[in-house]
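Written below as structure tokens is the structure these notes are about.
The values are calculated or read from the model by the stated rules, or taken from the named source; none is laboratory data. Small disclaimer: the values here were computed from a predicted structure and weren't measured. Cβ coordinates were reconstructed from backbone atoms using ideal geometry, including for glycine residues, and neighbour counts include every protein chain displayed.
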Amino acid sequence: METAIAQTKTKLWAGGRSPFNVSYGKMMMWFFLMSDSFTFGAFLISYGSIRFSLNNWVDHNYVFNEFPFTEAHLPLAFVSLMTFILIFSSVTMVLGVHAGHKMNQKSVEKWLFLTILGGLAFLGCQAYEWTGLITGQHEVLVNGVIEHWGTTVSHNPWGPMVMHNGHLVATPGPVAFGGYFFGITGFHGFHVFTGVIVNIVMLIKTKRGDFAKRGHYEMIEKAGLYWHFVDLVWVFVFLCFYLI
Amino acid sequence: MSAEITTQLPVTEADVAHVKKIWKAFWVLLILTIIELALGLTIYYIEMNPDYSDLLVLMIKGVICILTLAKAFYIISIFMHLGDEIRTFILTLALPATLFIWFITAFIADGASFRNLRNTDGGSRTYIQPTEHHAVPLEAPAEKKEKKLD
């Protein structure tokens, strides 16, 4: 018995089978995701590095406090909604992958459809948030004159407060904020968008019965890996921009 | 529908357990996120007090970071099924990821060093502690911000 195990172990790397016990496509998806995590990591760490080098940064609780259909300022509320949407779409995706293992075409279609809806809802939320930031005008004291700025890659109206004519007014904050925020959430949003497209292709292929004919739903698994990765990255973006 | 569903496999006990595990991971993620939000709001209310403790805020932020790592672990091991792969494959992915430890340490230290140089004019004078202030104080008269561009 022991020799049999030893033999299969040495034969793992002797060719003729996958030593990692996964298909080529799935392994390469994992390696792609690892490289992508380094890309996101580089962006986020560069952001952290700049933030540590500056004496002032913006206060996220005041920058991100809008919520649709209300004038109230609710810190963290809208971004929590986005986070819940993405976590939920991750669950529907993993249930779809599971249904694929059981060769249950109808069930795969249902879960994939819900995942796509979740992805689109997230993108809609992000579009709303960006619009609010770019078009919302805020008083800023620039060279002794009050101006009205939106939050863009070149303007940051969220700097330190100073007294001006008897009342407090903000001064320009670090320009880096807009670039990092729009760059990183934009790159993540682009990943979500790509994931939605991939999932739509998967839904069409499932509906056509391509995977049923092929005898396995491994493509759904690979698309699922990508989708979960998008959720994973959001966990860190959420941490770096909205929580700390 | 051209494709007939004839190949569907029967649902076994293992499947029921697997789906249960998925939902459990979902609830864990949801609860961790809610705790993070509660801590985030705690920071918000702590910082309303003009002389709050920096150390306390830093500690809460540390807890939030640890909770985030726990969430990442759940997503990778359960949703992405990495926990079900063989050990050599897990290590192939996990070992390169440890580069992040160096990566984060080195670059954050670099940022901190730059801040030090900034506040000492490259080491030519003593460190000037920047004045602490809120980005936007509460009830600031400058909060006329709902004007939208049209």
* To do: Return the total of residues in the range A:1-39 being within 11 Å of chain B (Cβ to nearest Cβ) and modelled with pLDDT of 80 or more.
  => 15
* Could you check how many residues of the range B:34-64 are under 28 Å from A:I85 (Cα atoms), more than 10 Å from chain A (Cβ to nearest Cβ) and not aliphatic (A, V, I, L, M)? => 1
* To do: Among the residues of the range B:100-131, write down those that are in a helix (DSSP H, G or I) and either among the β-branched types (V, I, T) or over 18 Å from A:S53 (Cβ atoms) (or both).
  => B:F100, B:I101, B:W102, B:I104, B:T105, B:I108
* Hits in the range A:79-115 (condition: farther than 23 Å from B:A25 by Cβ and surrounded by 19 or more Cβ atoms within 10 Å (Cβ to Cβ)) -> A:Q105
* Structure fact -> Given the conditions (1) in a helix (DSSP H, G or I); (2) without any contact (Cβ under 8 Å) to a residue 40 or more places away in the chain, every one holds for B:D51 apart from (1)
* **The lone exception for A:K222 - which of (1) touching a Phe, Trp or Tyr at 6+ places or on another chain (Cβ under 8 Å); (2) of a type in the set (K, R); (3) touching a residue at least 60 places away in the same chain (Cβ under 8 Å) it fails** => (1)
* To do: Would you mind listing the helices (runs of 4 or more DSSP H) fully within the range A:1-117 where at least 3 residues are under 30 Å from B:I46 (Cβ atoms) and among the hydroxyl-bearing types (S, T, Y)?
  => A:24-53
* **Among the candidates B:E85, B:E146, residue that is at pLDDT below 85 and facing chain A (nearest Cβ under 9 Å)** => B:E146
* **Contacts under 9 angstrom Cβ, first residue in the range B:74-99 being under 18 Å from A:N21 (Cβ atoms) and in a helix (DSSP H, G or I), partner modelled with pLDDT under 90 and of a type in the set (F, W, Y), 6 or more apart** => B:T88/A:F20; B:F89/A:F20; B:T92/A:F20
* Asked: Can you name the residue in the range B:28-67 that is among the small types (G, A, S) and surrounded by fewer than 16 Cβ atoms within 10 Å (Cβ to Cβ) and, of all such residues, is nearest to A:F236 (Cα to Cα)?
  -> B:G62
* Determine, yes or no, whether A:N156 is more than 25 Å from A:D231 (Cα to Cα), surrounded by 17 or more Cβ atoms within 10 Å (Cβ to Cβ) and out of contact with any strand residue (DSSP E or B) (no Cβ under 6 Å at 6 or more places or on another chain). => yes
